[in-house]
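Encoded as C-alpha coordinates, the structure appears first; notes follow it.
The values are calculated or read from the model by the stated rules, or taken from the named source; none is laboratory data. Quick caveat: nothing in here was measured; it's all calculated off a predicted structure. Cβ sites come from the backbone with ideal geometry, for glycine too, and all protein chains shown count toward neighbours.
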(Lines give C-alpha, C1' and ligand atoms only; values in the text may rest on other atoms or scores of the structure.)
Protein backbone atom coordinates (compact mmCIF):
# COMPACT_ATOMS: atom_id res chain seq x y z
CA UNK A 1 0.00 0.00 0.00
CA UNK A 2 1.12 3.38 -0.70
CA UNK A 3 -0.67 5.60 1.80
CA UNK A 4 0.10 8.53 -0.50
CA UNK A 5 -2.15 6.86 -3.08
CA UNK A 6 -4.78 6.36 -0.41
CA UNK A 7 -4.72 10.06 0.41
CA UNK A 8 -4.84 11.00 -3.29
CA UNK A 9 -8.05 9.04 -3.74
CA UNK A 10 -9.56 10.83 -0.76
CA UNK A 11 -8.52 14.18 -2.24
CA UNK A 12 -10.42 13.47 -5.45
CA UNK A 13 -13.57 13.29 -3.37
CA UNK A 14 -15.34 16.31 -1.98
CA UNK A 15 -13.85 17.19 1.39
CA UNK A 16 -16.23 16.49 4.28
CA UNK A 17 -17.59 19.61 5.97
CA UNK A 18 -17.96 18.15 9.43
CA UNK A 19 -20.68 18.83 11.98
CA UNK A 20 -21.88 21.85 9.97
CA UNK A 21 -22.85 19.74 6.95
CA UNK A 22 -26.36 19.93 5.50
CA UNK A 23 -28.44 16.93 6.57
CA UNK A 24 -30.34 16.66 3.31
CA UNK A 25 -27.11 16.57 1.34
CA UNK A 26 -25.61 14.01 3.72
CA UNK A 27 -28.56 11.68 3.11
CA UNK A 28 -28.43 12.25 -0.63
CA UNK A 29 -24.71 11.53 -1.01
CA UNK A 30 -24.32 8.90 1.70
CA UNK A 31 -24.58 5.76 -0.43
CA UNK A 32 -22.23 7.03 -3.16
CA UNK A 33 -19.61 8.11 -0.64
CA UNK A 34 -19.98 4.85 1.24
CA UNK A 35 -19.22 2.88 -1.91
CA UNK A 36 -16.29 5.13 -2.77
CA UNK A 37 -14.74 4.56 0.64
CA UNK A 38 -15.16 0.79 0.32
CA UNK A 39 -13.55 0.84 -3.15
CA UNK A 40 -10.68 3.02 -1.90
CA UNK A 41 -9.90 0.63 0.94
CA UNK A 42 -10.14 -2.39 -1.35
CA UNK A 43 -7.61 -0.91 -3.80
CA UNK A 44 -5.33 0.12 -0.94
CA UNK A 45 -5.34 -3.32 0.66
CA UNK A 46 -4.73 -5.17 -2.62
CA UNK A 47 -1.92 -2.82 -3.71
CA UNK A 48 -0.18 -2.83 -0.36
CA UNK A 49 -0.33 -6.58 0.21
CA UNK A 50 0.75 -7.28 -3.38
CA UNK A 51 3.59 -4.76 -3.25
CA UNK A 52 4.93 -6.27 -0.05
CA UNK A 53 4.98 -9.74 -1.58
CA UNK A 54 6.72 -8.51 -4.74
CA UNK A 55 9.35 -6.76 -2.65
CA UNK A 56 9.95 -10.00 -0.76
CA UNK A 57 10.56 -11.82 -4.04
CA UNK A 58 13.09 -9.14 -5.05
CA UNK A 59 14.79 -9.36 -1.66
CA UNK A 60 14.91 -13.14 -1.97
CA UNK A 61 16.87 -12.77 -5.21
CA UNK A 62 19.27 -10.35 -3.52
CA UNK A 63 19.70 -12.77 -0.62
CA UNK A 64 20.48 -15.55 -3.08
CA UNK A 65 23.31 -13.47 -4.55
CA UNK A 66 24.81 -12.58 -1.18
CA UNK A 67 24.77 -16.16 0.05
CA UNK A 68 24.44 -17.35 3.62
CA UNK A 69 26.02 -14.20 5.05
CA UNK A 70 23.08 -12.23 3.68
CA UNK A 71 20.75 -13.82 6.26
CA UNK A 72 19.65 -10.44 7.75
CA UNK A 73 17.72 -9.89 4.52
CA UNK A 74 15.46 -12.69 5.73
CA UNK A 75 14.54 -10.48 8.68
CA UNK A 76 13.66 -7.66 6.31
CA UNK A 77 11.47 -10.05 4.32
CA UNK A 78 9.71 -11.17 7.50
CA UNK A 79 8.95 -7.55 8.42
CA UNK A 80 7.51 -6.80 4.98
CA UNK A 81 5.44 -9.97 5.01
CA UNK A 82 4.10 -8.95 8.40
CA UNK A 83 2.91 -5.63 6.97
CA UNK A 84 1.36 -7.39 3.96
CA UNK A 85 -0.42 -9.76 6.33
CA UNK A 86 -2.05 -6.79 8.05
CA UNK A 87 -3.60 -5.68 4.77
CA UNK A 88 -4.75 -9.21 4.00
CA UNK A 89 -6.35 -9.27 7.44
CA UNK A 90 -8.05 -5.96 6.61
CA UNK A 91 -9.69 -7.59 3.59
CA UNK A 92 -11.04 -10.47 5.67
CA UNK A 93 -12.26 -8.03 8.30
CA UNK A 94 -14.02 -5.88 5.69
CA UNK A 95 -15.70 -8.91 4.14
CA UNK A 96 -16.86 -10.18 7.52
CA UNK A 97 -18.40 -6.82 8.47
CA UNK A 98 -20.03 -6.17 5.08
CA UNK A 99 -23.75 -5.41 5.29
CA UNK A 100 -26.41 -6.64 2.88
CA UNK A 101 -28.21 -4.32 0.50
CA UNK A 102 -31.35 -4.62 2.61
CA UNK A 103 -29.65 -3.11 5.68
CA UNK A 104 -31.26 0.02 7.08
CA UNK A 105 -29.70 3.43 6.60
CA UNK A 106 -29.00 3.65 10.31
CA UNK A 107 -27.19 0.29 10.26
CA UNK A 108 -25.09 1.43 7.30
CA UNK A 109 -24.19 4.66 9.09
CA UNK A 110 -23.16 2.71 12.18
CA UNK A 111 -21.01 0.41 10.03
CA UNK A 112 -19.34 3.36 8.29
CA UNK A 113 -18.64 5.05 11.61
CA UNK A 114 -17.02 1.88 12.90
CA UNK A 115 -14.93 1.63 9.73
CA UNK A 116 -13.83 5.25 9.86
CA UNK A 117 -12.83 4.95 13.50
CA UNK A 118 -10.85 1.85 12.66
CA UNK A 119 -9.07 3.67 9.82
CA UNK A 120 -8.38 6.58 12.16
CA UNK A 121 -6.76 4.16 14.59
CA UNK A 122 -4.62 2.71 11.79
CA UNK A 123 -3.43 6.18 10.82
CA UNK A 124 -2.66 7.12 14.41
CA UNK A 125 -0.59 3.98 14.93
CA UNK A 126 0.97 3.88 11.45
CA UNK A 127 4.43 4.48 12.90
CA UNK A 128 4.39 1.13 14.70
CA UNK A 129 2.80 -1.27 12.23
CA UNK A 130 3.75 0.27 8.85
CA UNK A 131 6.46 2.91 8.87
CA UNK A 132 8.59 1.33 11.60
CA UNK A 133 8.84 -2.14 9.98
CA UNK A 134 9.36 -0.54 6.58
CA UNK A 135 12.17 1.68 7.84
CA UNK A 136 13.80 -1.23 9.68
CA UNK A 137 13.66 -3.46 6.59
CA UNK A 138 15.27 -0.76 4.43
CA UNK A 139 18.10 -0.28 6.93
CA UNK A 140 18.67 -4.04 7.17
CA UNK A 141 18.94 -4.41 3.41
CA UNK A 142 21.07 -1.29 3.02
CA UNK A 143 23.68 -2.32 5.59
CA UNK A 144 23.66 -5.98 4.55
CA UNK A 145 24.48 -4.99 0.97
CA UNK A 146 27.07 -2.48 2.21
CA UNK A 147 28.73 -5.22 4.28
CA UNK A 148 29.30 -7.26 1.12
CA UNK A 149 31.12 -4.45 -0.62
CA UNK A 150 34.92 -4.13 -0.48
CA UNK A 151 36.12 -2.16 2.56
CA UNK A 152 37.23 0.80 0.39
CA UNK A 153 33.65 1.19 -0.92
CA UNK A 154 32.06 1.40 2.53
CA UNK A 155 31.74 5.14 3.04
CA UNK A 156 30.06 5.99 6.40
CA UNK A 157 29.22 9.48 5.16
CA UNK A 158 27.29 8.06 2.21
CA UNK A 159 25.50 5.59 4.49
CA UNK A 160 24.57 8.39 6.89
CA UNK A 161 23.21 10.39 3.95
CA UNK A 162 21.04 7.47 2.87
CA UNK A 163 19.73 6.97 6.40
CA UNK A 164 18.86 10.67 6.60
CA UNK A 165 17.06 10.46 3.27
CA UNK A 166 15.08 7.40 4.42
CA UNK A 167 14.11 9.19 7.63
CA UNK A 168 12.92 12.24 5.70
CA UNK A 169 10.78 10.10 3.36
CA UNK A 170 9.16 8.22 6.23
CA UNK A 171 8.56 11.44 8.17
CA UNK A 172 6.87 12.92 5.09
CA UNK A 173 4.60 9.89 4.70
CA UNK A 174 3.71 10.10 8.39
CA UNK A 175 2.89 13.82 8.03
CA UNK A 176 0.68 13.22 4.98
CA UNK A 177 -1.30 10.56 6.73
CA UNK A 178 -1.78 12.66 9.86
CA UNK A 179 -3.17 15.38 7.62
CA UNK A 180 -5.44 12.91 5.82
CA UNK A 181 -6.93 11.84 9.13
CA UNK A 182 -7.43 15.44 10.25
CA UNK A 183 -8.94 16.74 7.01
CA UNK A 184 -10.89 13.76 5.71
CA UNK A 185 -11.61 11.16 8.34
CA UNK A 186 -12.35 13.32 11.40
CA UNK A 187 -14.84 15.62 9.59
CA UNK A 188 -16.54 12.63 7.96
CA UNK A 189 -16.99 11.01 11.36
CA UNK A 190 -18.60 14.26 12.59
CA UNK A 191 -20.92 14.27 9.56
CA UNK A 192 -22.08 10.71 10.11
CA UNK A 193 -22.55 11.22 13.83
CA UNK A 194 -24.79 14.18 13.03
CA UNK A 195 -26.75 12.13 10.49
CA UNK A 196 -27.11 9.26 12.96
CA UNK A 197 -28.47 11.59 15.65
CA UNK A 198 -31.04 12.93 13.21
CA UNK A 199 -32.22 9.44 12.26
CA UNK A 200 -32.47 8.36 15.89
CA UNK A 201 -34.64 11.42 16.66
CA UNK A 202 -36.85 10.71 13.63
CA UNK A 203 -37.38 7.12 14.71
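To keep it simple, each residue is scored yes or no on (1) touching a helix residue (DSSP H, G or I) at 6+ places or on another chain (Cβ under 7 Å); (2) free of Cβ contacts under 8 Å to residues at least 40 places away in the same chain; (3) surrounded by 14 or more Cβ atoms within 10 Å (Cβ to Cβ).
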| site | (1), (2), (3) |
| --- | --- |
| 128 | no, yes, no |
| 132 | no, yes, yes |
| 141 | yes, no, yes |
| 149 | no, yes, no |
| 155 | no, yes, no |
| 162 | yes, yes, yes |
| 180 | yes, no, yes |
| 184 | yes, no, yes |
| 190 | no, no, yes |
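Do we find that residue 71 is in contact with a helix residue (DSSP H, G or I) (Cβ under 6 Å, 6 or more places away or on another chain) and either loosely packed, with under 15 Cβ neighbours inside 10 Å or in contact (Cβ under 8 Å) with a residue 12 or more places away in the chain (or both) in this structure?
Against the criterion (in contact with a helix residue (DSSP H, G or I) (Cβ under 6 Å, 6 or more places away or on another chain) and either loosely packed, with under 15 Cβ neighbours inside 10 Å or in contact (Cβ under 8 Å) with a residue 12 or more places away in the chain (or both)), residue 71 does not qualify.
When you go through 199, 122, 139 one by one, which is the residue that is part of a helix (DSSP H, G or I) and closer than 25 Å to residue 29 by Cα?
The conditions single out 199.
Residue 122 - would you say it is closer than 23 Å to residue 40 by Cα, surrounded by fewer than 18 Cβ atoms within 10 Å (Cβ to Cβ) and in contact with a helix residue (DSSP H, G or I) (Cβ under 8 Å, 6 or more places away or on another chain)?
The answer is yes for residue 122.
Within the range 60-77, is even one residue assigned to a helix (DSSP H, G or I) and closer than 30 Å to residue 180 by Cα?
Within the range 60-77, one or more residues are assigned to a helix (DSSP H, G or I) and closer than 30 Å to residue 180 by Cα.
Conditions (1) buried (at least 16 other Cβ atoms within 10 Å of the Cβ); (2) at pLDDT below 90; (3) in contact with a strand residue (DSSP E or B) (Cβ under 7 Å, 6 or more places away or on another chain), marked per residue:
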site	(1), (2), (3)
14	no, yes, no
33	yes, no, no
39	no, no, no
84	yes, no, no
105	no, no, no
108	yes, no, no
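Residue under question is residue 99, and the condition is that it be under 30 Å from residue 28 (Cα atoms), in a loop (DSSP other than H, G, I, E, B) and modelled with pLDDT under 95; does it hold?
yes
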